[in-house]
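The structure appears right after this line, and notes come after that.
Coordinate-derived values only; no laboratory data. Every value quoted in this text rests on a predicted model; they were computed, and no experiment measured them. Quick reminder, even Gly has a Cβ in these numbers, built from the backbone with ideal geometry, and neighbours come from all protein chains shown.
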Amino acid sequence: MIHALRTILLLTGKDLRIEARSRQTLGLVIVLGVLIIVVLGLGLGGETFSPPPPGDAQVAPVASAPASQPASAPATQVASAPASRAASAPAELAPTPQAGTGFAATAILWVAYLFGGVLCFEKTMAMERNDGAMAALLAAPIDHGVLFVAKLLSNLALIFVLVLVITPVAILLFNFDLSFAPWTFAGVTALSLIGFAAVGTLFAAATSSSRLAGGLLSVLIFPICLPVVVTSTKMLLSVFRDHQPLTSEGVGVLVAFDAVYLVVSWLAFERVLEP
């Protein structure tokens, strides 16, 4: 057990040191994520429902008093007429509360996470293929499950760096206020990304030897990770938009998906590896 943990730490450290020296994967992933957030932010950030200006409301003309009405009519009757008209004004003329698109950031962030994560998975596995290190790792007396855990930790580290960089950009562009429940956002996002990284690590190993690795990887990962994306997005919307507490049922669903993805990916990783 100690030997397996030491091997996992050595392999993970090797991947992170290579990335720290080259900075190729993180540079591409961060630029892609920021571009996605900025483009969607410029397109959706201005769609707000503002209250109508006071001068736009149409006021019905006041009918002139009949000639037969005595000039000495009480002033209270004249003053009560505008009040009654104001009370019977249509409800649609009342100012509507401003509703921005800040909460769309929960879905837009997942778009950046998905595409950035796919690029991370592809680059980390392609690095092993291009240098011929994968054949050496398969020939070494290392359990393939250990290799899967090491690659999973490397991918998670890169994805978390991506999250730390592009999430503040989305907060600024979408007016997304995390102060209401910051730890809820961090916990739900972390649980979702674990399952996403497990599936991505498995299929990155399966498609790394193909010439269509990038496009094929996206086609395989996105449909499988859709339940995690939908569940986490609904949970974050219920917390930040509807101000509902985080339910144990939603957390249980995410944990169950993570467990299934981790176990299946760990068992299937050995079968999809090729020298």
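List the lysines whose Cα lies under 17 Å from the Cα of Lys14, skipping any in the same chain that are fewer than 8 positions away.
Cross-link targets: Lys123, Lys151.
Going by the alpha-carbon gyration tensor, a ≥ b ≥ c the square roots of its eigenvalues, is the range 124-227 rounded (a/c under 1.5) or, if a/c is not under 1.5, prolate (a/b greater than b/c) versus oblate?
Because a/c hits 1.5 or more and a/b exceeds b/c, the range 124-227 counts as prolate.
By per-residue mean of other Cβ atoms within 10 Å, what is the highest-first order of 239-250, 150-161?
So the peptides 239-250, 150-161, ranked by packing, come out 150-161, 239-250.
Show me the ranking of peptides 17-28, 254-265 by mean Cβ neighbours inside 10 Å, starting with the highest.
Averaged packing, sorted descending, gives the order 254-265, 17-28.
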